[in-house]
Amino acid sequence: MKLLNFSPKAIHTPKLGVVFSNGKILDVKEAYRNLREAEPPSWFSNVDELISGGEDALELLKKFINNLSESKVEEYLYDSDNVIYYPPILKPSKVLNMSVNYITHGKEAKLNELPKEPYLFVKLSTCLIGHKQPIIIPKSSKEVDYEGELAVVIGKRCKNVTKSEVYRYIIGYTIFNDVSYRDRRLHQMMKEFGINWLHGKSLDNGSPIGPWLVTKDEIEDPHNLYLVTMVNDEVRQNDNTRNMIFKIPEIIEYASSDITLYPGDIISTGTPSGVGLGTGKYLKAGDIVTVRIEKIGELQNNVINK
């Protein structure tokens, strides 16, 4: 299933949606209320609530969706171009990102050596935005960059997970654009403390994600997906997730070491080469950034000045 948080353009309150067989978006709660003539469970309010309900909630939704026909639900379907998209997870407790996870990206970043274990940093959840929402270029940065990435969403609380059991705790996958502010990474104390991750990665409107979460049963191998990032009509990144240095089991084993991961937590797996850091082509107002990942879809955001 493709799960998303959306709203009709006149409402501005996130709802749980499912991409229906005809490509339209089903308002799950309204469909359940009217077709079952019963009050829907709170799990059907949004994706966060659904994930909090665990496997039982997901199975209930699958059963409900599988018994529907287009003729039954026509009045609860919305054209995909006529809705507001929100992040597929509204309030994750953590957003973790891999710093370097493709050899080619390490080379373009001019690293002296590649990491021997996963290297993660934290992004603030307040910078998440949905599909079709604008990336804002702040007055404080002239080097705003894009990074197309595959992101993993945690489905069950876990801690100290071993590589062999990682997939039990994943609910699905989505697309992440790890927008970076290269000139904001600098800091007076950089020699002593390293990169300024806060301002280099977590400015407002700097983490497009979506448009939806694809449940793991629809993606047999997350390490064999083509990833393409375009700025306007130009392909800037073109790679495959098979080229990750550290695969998802290694990343989650490392991230969960003495740290509890909660349902809805997001772990983005790193970007391939082709970013502005390597090419000198940074984002500017008027650009449209599109990240496509095979079997998931397309995340698109326009760029505006603050």
For a test of the definition: using alpha carbon positions, the gyration tensor, and the 1.5 limit on a/c, classify segment 43-90 as rounded, prolate or oblate. oblate
Checking segment 214-306 for GluC sites (Glu not before Pro) in a loop per DSSP with at most 16 other beta-carbon atoms within 10 Å yields Glu220, Glu294
Take the alpha-carbon centre of segment 146-169, take the same for segment 61-131, and report the distance between them in whole Å. 12
Which residue, Gly148, Tyr169, Tyr181, has the largest displacement toward the positive end of the dipole of segment 135-181 when charges sit on each Cβ (Lys, Arg +1; Asp, Glu -1)? Tyr169
With a ≥ b ≥ c taken as the square roots of the eigenvalues of the C-alpha gyration tensor of segment 77-188, please select rounded if a/c is under 1.5 and otherwise prolate if a/b is larger than b/c or oblate if it is not? oblate
Compute, for segment 105-199, the length of the dipole vector about the Cα centre, with Cβ point charges of +1 (Lys, Arg) and -1 (Asp, Glu) only. Units Debye, rounded to 20. 280
Two-decimal Rg/Rh of segment 1-153 from alpha-carbon positions, Kirkwood Rh? 1.07
If the limit is 28 Å between Cα atoms, which of Lys159/Lys247; Lys107/Lys201; Lys9/Lys306; Lys247/Lys284; Lys2/Lys116; Lys116/Lys306 go over it? Lys247/Lys284; Lys2/Lys116; Lys116/Lys306
Just from its helices, what would the mean residue ellipticity at 222 nm be for the chain, if runs of 4 or more DSSP H residues each count -39500 (n - 2.57) and the sum is divided by every residue, rounded to the nearest 500 deg cm²/dmol? -4500 deg cm²/dmol
Carbon plus sulfur, as percent of the 1.4 Å-probe accessible area of segment 55-109, comes to 45
Just to be sure I understand: with springs between alpha-carbon atoms less than 10 Å apart, which residue in Asp79, Asp145, Asp48 has the highest mean-square fluctuation in the Gaussian network model of the chain? Asp79
Can you give me the accessible area per residue for segment 143-287, using a 1.4 Å probe, in Å²? 41
Just how far, in whole angstrom, is segment 254-306 from segment 10-25 if you go by their alpha carbon centroids? 23
Note: probe point = Cα of Leu114 + 7 Å toward Cβ; backbone nitrogen < 17 Å; residues of segment 207-224 passing the test are 223-224
What percentage of all Cα-Cα pairs in the chain are separated by more than 23 Å? 55
For an R0 of 41 angstrom, estimate the FRET efficiency from the Cβ-Cβ distance between Lys284 and Ser21 and round to the nearest 0.05. 0.55
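The values are calculated or read from the model by the stated rules, or taken from the named source; none is laboratory data. A quick note: this is a predicted structure, and the numbers were derived from the prediction, not measured. FYI the Cβ positions are ideal-geometry reconstructions off the backbone, even for glycines, and counts take in every protein chain you see. When the accessible area is computed, the model is the full protein with side chains, heavy atoms only, and any ligands, DNA or RNA have been set aside. Shrake-Rupley method; radii C 1.70, N 1.55, O 1.52, S 1.80 Å.
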